[in-house]
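Reviewing the structure listed below.
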């Protein structure tokens, strides 16, 4: 009989975390929360195809694993990812778990939010355009913003300070494209510029994003992007 190895107290309990993630319903709930917004338990249950009572049971495990947070909003409870580091973990796991070209999810692949920054084909194109302009430096394992990018963000109503607990800028390996997009506070500010100006608008009931006609023109003018025509769906 194989001897069971007891977990050590001085190392992270990866097996426990993996066990929490290894449930399709909990995985679907986390996928929904990757849009960076707060959702009710009922909505998470509906997206996962389970009852609100079952979703509540799953939610307890997600809270205990410190993957999500819950706040009271009147009689409702609102659920969010615990932070950007959880979103990064889920995105990296998706790279390993999912084909690079998921059939039937072209809209999600083309442009989406990854917590609070841009991902997909568009996210990668934006990162590349910023590197080409010298506004962002690709250091191999991260992205470093240059002064022109700080000025551009401030000019568009999204000033970013150097200090802060959250990383200023980092690369996040894109789930579908398998190359990095921009995350951190810089990535969040870029996404806010695009969403506030309605260059991008959220697709209904999804974290997919759609480029508006205004956005296509603005992204070409501001960042030199020539966006590929893509089929919606």
Yes/no for residue 197 being without any contact (Cβ under 8 Å) to a residue 60 or more places away in the chain and out of contact with any strand residue (DSSP E or B) (no Cβ under 9 Å at 6 or more places or on another chain): yes
Using the structure shown, decide if residue 36 is over 19 Å from the mean Cα position of the chain (by Cα) and either outside the structural domain of residue 118 (by TED's automatic domain parsing) or more than 24 Å from residue 118 (Cβ to Cβ) (or both). no
I'd like to check something: does segment 113-126 contain any residue that is touching a strand residue (DSSP E or B) at 6+ places or on another chain (Cβ under 7 Å), within 23 Å of residue 218 (Cα to Cα) and modelled with pLDDT under 85? no
Yes/no for residue 36 being modelled with pLDDT under 90 and closer than 23 Å to residue 120 by Cβ: yes
Condition test on residue 72, is it loosely packed, with under 15 Cβ neighbours inside 10 Å and either closer than 14 Å to residue 171 by Cα or assigned by TED's automatic domain parsing to the domain that holds residue 23 (or both)? yes
Here is a check on your reading of the model: is residue 54 over 17 Å from the mean Cα position of the chain (by Cα) and not assigned by TED's automatic domain parsing to the domain that holds residue 164? yes
Filter the helices (runs of 4 or more DSSP H) completely within segment 12-54 down to those with at least 1 residues that are in contact (Cβ under 8 Å) with a residue 40 or more places away in the chain and out of contact with any helix residue (DSSP H, G or I) (no Cβ under 9 Å at 6 or more places or on another chain). 14-21
Can you tell me which condition residue 132 does not meet? The list is (1) farther than 28 Å from residue 31 by Cα; (2) in contact (Cβ under 8 Å) with a residue 60 or more places away in the chain; (3) in contact with a helix residue (DSSP H, G or I) (Cβ under 8 Å, 6 or more places away or on another chain), and all the others hold. (3)
Does residue 216 satisfy the condition of being in contact (Cβ under 8 Å) with a residue 60 or more places away in the chain and out of contact with any strand residue (DSSP E or B) (no Cβ under 6 Å at 6 or more places or on another chain)? no
Tell me whether segment 111-121 contains one or more residues that are buried (at least 17 other Cβ atoms within 10 Å of the Cβ) and free of Cβ contacts under 8 Å to residues at least 40 places away in the same chain. no
Out of (1) in the same structural domain as residue 26 (by TED's automatic domain parsing); (2) in contact (Cβ under 8 Å) with a residue 12 or more places away in the chain; (3) under 30 Å from residue 180 (Cα atoms), the odd one out for residue 61 is which? (3)
Can you name the residue in segment 143-170 that is more than 26 Å from residue 89 (Cβ to Cβ) and either in contact with a strand residue (DSSP E or B) (Cβ under 8 Å, 6 or more places away or on another chain) or not assigned by TED's automatic domain parsing to the domain that holds residue 92 (or both) and is also surrounded by the fewest Cβ atoms within 10 Å (Cβ to Cβ) among such residues? 146
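The values are calculated or read from the model by the stated rules, or taken from the named source; none is laboratory data. Since we're looking at a predicted model, the values are computed, not measured. With ideal geometry, Cβ positions are generated from the backbone for all residues, glycine too; neighbour counts draw on all protein chains shown.
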